[in-house]
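Inspection log for the structure reproduced underneath, given as structure tokens.
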Amino acid sequence: DSPTDPGNNAAHVGRITGPAGVARRPGRALSAKPLKKIAFAAAPTQAGPVNKLCIFAGSTICGYVGWYALDGLGMMAAIIGSGIGSVLGVYLGWKLARKIEE
């Protein structure tokens, strides 16, 4: 009839056990240390239409070039080439949009 006896279900209702079976209240952290405050930077501005268009065009074009360049090596190589080309296209499109919006 001990509260720590696993057969006694009534004693375990609403209880959570921490390390080594020590009971603790629900919703409490294991340590009593206060949480550190985190300073967040201001939210970035939303991307404009020029930025979106350049990134879309860059990823599409470079993804196609990557696919076409590695198509002769098999389907898996073409997929990997397309992925790498798309990532490169996002970067190049972003850089182009920054130059245009200056």
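The values are calculated or read from the model by the stated rules, or taken from the named source; none is laboratory data. Note that the coordinates shown come from a computational prediction; the quantities given were computed from them, not determined experimentally. All Cβ positions, glycine included, derive from the backbone under ideal geometry; neighbour counts span all protein chains shown. Just the protein is used for accessible areas: all its heavy atoms, side chains included, with ligands, DNA and RNA removed. Shrake-Rupley method; radii C 1.70, N 1.55, O 1.52, S 1.80 Å.
What to note about this one:
- Lone qualifier among Ala42, Ala20, Ala78 - being modelled with pLDDT under 90, in a helix (DSSP H, G or I) and not hydroxyl-bearing (Ser, Thr, Tyr): Ala20
- Residue in region 83-93 that is open to solvent by less than 100 Å² (accessible area, probe 1.4 Å), over 25 Å from Gly48 (Cβ atoms) and part of a helix (DSSP H, G or I) present: yes
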